[in-house]
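Comments concern the structure below.
Derivation of every value follows stated rules applied to the coordinates shown; laboratory data play no part. Please read these numbers as outputs of a predicted model, since none were measured by experiment.
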Amino acid sequence: MPLPKWELRNAEAANCPSCGSRNVVRLFPAALAPAAAAHGVAAVEGEAACFDHPGKRAVAACQQCGRFVCQLCAVEFGDGVWCPSCVAAPRGKIRSVNPDTSRMLYDTWALVVPLATLILWPLTIFSAPAVTALAIMKWKQPISLVRRNRWRFGVGLALALVEGGLWCWLIWYLVARGRTGA
C-alpha cells in the first residue's frame with residue numbers, strides 16, 4: 001500500500017496506513033518537490049554543473065565520490081550529500097573520498113578476540129588486557145553507521161576479565177605451590 005506523502009515529508013519513518021507498521025524511507029528529494037523546483041536551475045557558463053545533467057547548476061558535491069550534483073540528483077544521507085550513483089552502487093565499488101563513511105567495528109573486535117584466542121589459550125595472557133583496554137577506551141565512541149547496541153562490548157569485556165582472572169589465579173597458584181615446595 002502506498003505511504004502517504006504528508007508523512008514522508010515529516011520524517012525518515014512513516015507508518016503504513018493498512019497495517020500500522022513503522023517503515024524507514026529514503027527518498028530522492030525530487031520525489032516530493034514540486035515539478036518546477038525538482039528540475040533545478042540552468043547552469044550559466046563558468047558555474048559548476050551536475051555530473052549527470054550538464055545543463056543544470058550544481059548545488060553540492062557528493063561526499064563519497066566528489067561529483068557535482070544538481071537539486072534533482074542530491075541525496076541527503078547522514079551529514080552530507082551523495083550522488084545517485086554512490087547511493088545505488090554495491091558496497092566497496094565506489095572510491096571513497098570521505099574516510100568517515102566507514103568505521104572500525106571495535107565492539108565486534110572486543111567480542112571476537114577473546115573467543116578466537118581460546119583456541120590457542122596461552123595467547124589469552126595478551127588478549128585479555130588488550131580487549132579490556134579496548135572496551136574501556138572505545139565504549140563511548142560511535143559504534144557504526146548503522147544502528148547497533150553495545151552488547152558485544154559487554155560480552156567481550158566479561159570474557160576478557162574471566163580470562164585475565166584465570167591467569168592471575170594460575171600465577172598465584174604456581175607461586176604459592178613453589179613456596180611450599182610441593
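Descriptive notes on the structure:
- Residues whose placed amide H lies under 5 Å from that of residue 77, excluding near-sequence neighbours: 82
- In order along the stretch 120-136, the Karplus-derived 3J(HN,Hα) couplings, from 6.51 cos²θ - 1.76 cosθ + 1.60 at θ = phi - 60°, round to 10, 4, x, 5, 5, 5, 8, 6, 4, x, 5, 5, 4, 5, 4, 5, 6 Hz, and Gly and Pro are given as x.
- Computed on the stretch 106-180, with alpha-carbon pairs under 8 angstrom and 6+ residues apart, the relative contact order is 41 percent.
- Shown in residue order for the stretch 58-67 are the 3J(HN,Hα) couplings computed by the Karplus curve 6.51 cos²θ - 1.76 cosθ + 1.60 at θ = phi - 60°: 6, 10, 6, 10, 5, 5, 8, 10, x, 5 Hz (x for Gly and Pro).
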